[in-house]
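Below is one structure; the comments refer to it alone.
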Amino acid sequence: NLKKFEKLIDTYLEIIRKLNQKVIKNNTKILIVYIPMKNNFFNKNSLNKILKEKIKKKVIEEDLIFVDLEEEIREIDIPIDTIYPDGDFYEQHFNERGYNIISDIINNNIKLWFDVLVYIMNVVDFIF
């Protein structure tokens, strides 16, 4: 089963790689956001975690921005049950509160990246 998913991931990453080649020509950067399932917070050895780490490694190797919502959510230390709907342990979607929190996380990451880009541009301008 892992091999099947790895092949799908390789295909996905090849598409991202090709897209990135086009995006670079426009002086832009791709931001990949990993959205965790509810069980990621409770099951340390899930197939999903193994696949996430593979994707994360490859995305970073391609010099793309990787936002790991699982890590970000863990850092703000909120009860997981308050950001997912009641019920399914394998829920992939957030509730309204969860979506508000992740939109803030994504927005902050975009601002952080933009600030770094502006700083790099300013340093380059200063040098020349």
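No lab work stands behind these numbers, since they all come straight from the coordinates. Please read all numbers here as calculations on a predicted model, not as lab measurements. A quick note on method: Cβ atoms are made from the backbone with ideal geometry, for glycine too, and the neighbour counts reach across all protein chains shown.
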Check your understanding: Say each of residue 51 and residue 74 gets a label point 7 Å from the Cα, pointing the same way as Cα to Cβ; how far apart are those two points in nm?
Key -> 1.9
Point to revise | Difference of contour (0.36 nm per residue) and Cα-Cα distance, residue 86 to residue 63 | key: 4.6 nm
Review point. If you average the sequence gap of Cα pairs under 8 Å that are 6 or more apart and divide by the length of region 9-104, what percent do you get for the contact order?
Key: 31
